[in-house]
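Reviewing the structure listed below.
The values are calculated or read from the model by the stated rules, or taken from the named source; none is laboratory data. Note that the coordinates shown come from a computational prediction; the quantities given were computed from them, not determined experimentally. Just so you know, the surface numbers come from the protein's heavy atoms only, side chains and all, with ligands and any DNA or RNA stripped out. Shrake-Rupley method; radii C 1.70, N 1.55, O 1.52, S 1.80 Å.
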Amino acid sequence: MKFLKLYAAILVVCFIFAFFGGWMLFDFSINYYVTTAVYAFVITVVLTIFLSQEEKIEQLEERVRKLEEKQ
């Protein structure tokens, strides 16, 4: 569910970016909506990977802190 919320937010941002001149940077000649959705999907996948790594790092930091407190 978190992935879908993130995808929807990035999709909206991509459409706004394209509307305000971002279309000049990318080739939207084939299909504007599909191209924007694909770009948003790729950005969402990368961002989801980074967020999941951040959560794992925080969990490991918490475990290390608890182990240090025991000693």
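One table, with the values for the structure above:
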{"read-out": "Under 24 Å, Cα to Cα: Lys pairs in the chain, sequence gap 8 or more or different chains", "value": "4"}
{"read-out": "Carbon plus sulfur fraction of accessible area for the chain, probe 1.4 Å, in percent", "value": "70"}
{"read-out": "Phi to ³J(HN,Hα) by Karplus 6.51 cos²θ - 1.76 cosθ + 1.60 over the stretch 35-50, Hz, x for Gly, Pro", "value": "4, 5, 5, 5, 4, 5, 5, 5, 4, 5, 4, 4, 5, 5, 4, 5"}
{"read-out": "Å² of accessible area per residue within the chain, as computed with a 1.4 Å probe and no ligands counted", "value": "86"}
